[in-house]
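Asks: Sharing a structure, written as structure tokens. Questions coming.
The values are calculated or read from the model by the stated rules, or taken from the named source; none is laboratory data. A quick note: this is a predicted structure, and the numbers were derived from the prediction, not measured. Virtual Cβ from ideal backbone geometry, glycine too; neighbours counted across all protein chains shown. Remember, those area values only see protein heavy atoms, side chains included, never the ligands or the DNA or RNA. Shrake-Rupley method; radii C 1.70, N 1.55, O 1.52, S 1.80 Å.
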Amino acid sequence: MTETEKSPLLIPSSTTVLLGCSQDKPASHESDYDRKIELKAFDDSKAGVKGLVDSGLNKIPFIFIDNKANLNCHHPTKSLDSSQLSIPIIDLKPVDQPTQSIVNQIQSACEKWGFFQIVNHGIPESVLDGMIDGIRRFHEADSEIKKQYYSRDMSRKVRYFSNFDLYAKQVANWRDTLRCRMAPSPPEPQEIPQLCREIIMDYSKQIMELGFGMFELLSMALGLNPSQLKNKGFAEGLLLLAHYYPPCPEPELTMGTSSHSDSSIFTILLQDQVGGLQVLHENKWVDVPPIPGALVVNLGDLMQLVSNDRFKSVNHRVIAKNKGPRISVASFFVMEEDGSRVFGPIKELLSEDNPPVYREVPLQDYLTHYNSKGLDGTSSLSGFKI
Ligand code: OGA
Ligand code: NI
């Protein structure tokens, strides 16, 4: 390849950045040094993956190339599609008086899948659609507006970035994220971008209430009394991760989100109708098909820890697509603020036959490990086993 064929990618910002792209020879980009410079150039643009796409590129920059994307059953024929097998769909009506049947369905879904969809959950479709629209408005706003929010400062309650683990992980994902810590102490309203302020506040309030209901159902599914998980203070923290997956010109070379499990007790996920989310089930990737009005619930690592491995946090990922954008909002129930809080297997679940698998872990130790490792597909819990 000659020098003239290699066109610089213009990132829409005051700086012009040259990022190596997929047509370049990998050999010239293998050194860590190059990679760090390119990561930094991308980060400094403060325009995310959306900014790259807006610059009109038709090859993806090298930093996004995931050699495992292809091998890893990335091709749809190697994944099980939803017509063959699907995560359970649970009807929550009437949510006020959960019947034993709902609890049984949740218990079975948690033990077999760690993932399920819920319908009749009480949040109107207009609110779900409004949230998707609001998040789209933010990510599609002028880059000058978004730049004010671009930050890796963990102490900021509201911020926008691309790849929280950009510098930790081997490969970057094809997505941008607006992150809002909504509970226990919410941000001042004016800290939330005006383009989506009202809907984020409304959606969070409703997700928090739904979350309380889910905590009760999950508590019962574990055979505990309904308020037990809530009483341990697990339901107090809410973190919103509002993702934007721009259309990708070479989707077979990268991932929207690499395989991972969540750093929450559980997560309630809202996805639009584009699709691409997959869950690892019996060693195969199974599609999680979008259903209008439904929400996806998945268990996180902290649930696996407190349930002493009875309920598992299951790996999932999002494949990149050349259509889109895809928008999703993950609501993590996790109390980031109180890092000194200790998590361990719930005593009532332990017995002589079921001794603790994990030691007591300060939340901060777990989160630090999770964040420094990045989404590399391995469990963050293994280091905390007894
Ligand atoms: C996450 C996640 C899936 C999605 O944020 O942890 O898995 O569909 N998101 O964006
Ligand atoms: Ni996740």
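Asks: Please go through region 339-350 and give me each residue that is open to solvent by less than 60 Å² (accessible area, probe 1.4 Å) and either of a type in the set (S, T, N, Q) or more than 30 Å from Leu241 (Cα to Cα) (or both), ordered by number.
Replies: Of region 339-350, the ones open to solvent by less than 60 Å² (accessible area, probe 1.4 Å) are 339, 341, 343-346, 349-350.
Once the filter is applied, which keeps residues that are open to solvent by less than 60 Å² (accessible area, probe 1.4 Å) and either of a type in the set (S, T, N, Q) or more than 30 Å from Leu241 (Cα to Cα) (or both), region 339-350 yields Leu349, Leu350.
Asks: Across region 309-338, what is the number of residues that are open to solvent by 10 Å² or more (accessible area, probe 1.4 Å), more than 14 Å from ligand 1 (Cβ to nearest atom) and touching a strand residue (DSSP E or B) at 6+ places or on another chain (Cβ under 7 Å)?
Replies: Residues flagged as open to solvent by 10 Å² or more (accessible area, probe 1.4 Å), more than 14 Å from ligand 1 (Cβ to nearest atom) and touching a strand residue (DSSP E or B) at 6+ places or on another chain (Cβ under 7 Å) within region 309-338 amount to 2.
Asks: Residues that are in contact with a helix residue (DSSP H, G or I) (Cβ under 7 Å, 6 or more places away or on another chain): find the strands (runs of 3 or more DSSP E) completely inside region 169-284 holding 1 or more of those.
Replies: 176-183, 238-245, 255-260, 266-271
Asks: For region 243-269, which positions are under 16 Å from Ser331 (Cα atoms) and either open to solvent by 10 Å² or more (accessible area, probe 1.4 Å) or more than 9 Å from ligand 1 (Cβ to nearest atom) (or both)?
Replies: His243, Tyr244, His260, Ser263, Ile265, Phe266, Ile268, Leu269
Asks: Considering region 252-262 alone, what residues qualify as being within 10 Å of ligand 2 (Cβ to nearest atom) and either in contact with an Asp or Glu (Cβ under 6 Å, 6 or more places away or on another chain) or more than 25 Å from Asn67 (Cα to Cα) (or both)?
Replies: Ser261, the sole residue that qualifies.
Asks: Would you be able to tell me the number of residues in region 318-348 that are over 21 Å from Gly211 (Cβ atoms) and either more than 16 Å from ligand 2 (Cβ to nearest atom) or hydroxyl-bearing (Ser, Thr, Tyr) (or both)?
Replies: 11
Asks: Look at region 169-178 and say how many of its residues are away from ligand 2 (no atom under 16 Å from the Cβ) and either among the hydrophobic types (A, V, I, L, M, F, W, C) or surrounded by 21 or more Cβ atoms within 10 Å (Cβ to Cβ) (or both). Explain how you work it out, then say what you get.
Replies: Let us first name the residues in region 169-178 that are away from ligand 2 (no atom under 16 Å from the Cβ), namely 170-172.
Filter once more, keeping what is either among the hydrophobic types (A, V, I, L, M, F, W, C) or surrounded by 21 or more Cβ atoms within 10 Å (Cβ to Cβ) (or both): 171-172.
Number of matching residues: 2.
Asks: Among the residues of region 184-210, write down those that are closer than 15 Å to Val329 by Cβ, surrounded by fewer than 16 Cβ atoms within 10 Å (Cβ to Cβ) and of a type in the set (Gly, Ala, Ser).
Replies: Hits for region 184-210: nothing passes.
Asks: Could I ask something else about it? Only one of Ser31, Ser79 is open to solvent by 30 Å² or more (accessible area, probe 1.4 Å) and either at pLDDT below 95 or of a type in the set (A, V, I, L, M, F, W, C) (or both); which? So that I can check it myself, show each step before the final result.
Replies: Working: Ser79 fails: open to solvent by 30 Å² or more (accessible area, probe 1.4 Å).
Answer to the selection: Ser31.
Asks: Picking from Arg181, Arg152, which residue would you name as being open to solvent by less than 50 Å² (accessible area, probe 1.4 Å), within 19 Å of Phe332 (Cβ to Cβ), basic (Lys, Arg) and within 20 Å of the chain's Cα centre (by Cα)?
Replies: It is Arg181.
Asks: Taking the stated definitions as given, is Gly233 away from ligand 1 (no atom under 13 Å from the Cβ), on the phi > 0 side of the Ramachandran plot and open to solvent by less than 40 Å² (accessible area, probe 1.4 Å)? Walk me through how you get there before you give the answer.
Replies: Working: away from ligand 1 (no atom under 13 Å from the Cβ): yes; on the phi > 0 side of the Ramachandran plot: yes; open to solvent by less than 40 Å² (accessible area, probe 1.4 Å): yes.
When the stated conditions are applied, Gly233 passes them.
Asks: Evaluate the following for Leu295: is it under 17 Å from the mean Cα position of the chain (by Cα) and not charged (D, E, K, R)?
Replies: Judged against the criteria, Leu295 is a match.
Asks: Okay, moving on. Is one or more of the residues making up region 267-280 at pLDDT 95 or above, at positive phi and either within 13 Å of ligand 2 (Cβ to nearest atom) or among the aromatic types (Phe, Trp, Tyr) (or both)?
Replies: yes
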